[in-house]
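Beneath this line is the structure, given in structure tokens, with notes to follow.
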Amino acid sequence: MAQRQENADCSEGRSLGSSALQADNLRYIYLVRIKTSITLPSDLITQLDRIDKNRSALLERAARAYLARLESDERDRRDVEIINRNAERLNREAMDTLEYQQLP
């Protein structure tokens, strides 16, 4: 049915916008799942089941949160590296500004 509607839209001269295609791609990513098997300690399974009976959803959320945290930590590390590389110059500029702002 969706295929026929999509074809009908195109045949009537209406093209699907890029935002519609992006939404379809995101929907596909979130709908498609790959079944996998992992081995976890029984005490961890017990804790997971207390939080959410849907282990797959819980582990997916946990994995996404962990990966987001890793990305954030990496961004922070790069930012600190940039600041440290420029620390001497930034400190001189800050001292110059403070000296200029001193009250009489």
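The values are calculated or read from the model by the stated rules, or taken from the named source; none is laboratory data. Given the structure is predicted, the values throughout are model-derived calculations rather than measurements. Here Cβ is always computed from backbone atoms with ideal geometry, including for glycine, and neighbour counts include all displayed protein chains.
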**Request:** Those residues that are part of a helix (DSSP H, G or I) and surrounded by 10 or more Cβ atoms within 10 Å (Cβ to Cβ), I need them from segment 28-45; list them, please.
**Result:** I45
**Filter result for R61 (assigned to a helix (DSSP H, G or I), within 30 Å of R33 (Cβ to Cβ) and modelled with pLDDT under 95)** = yes
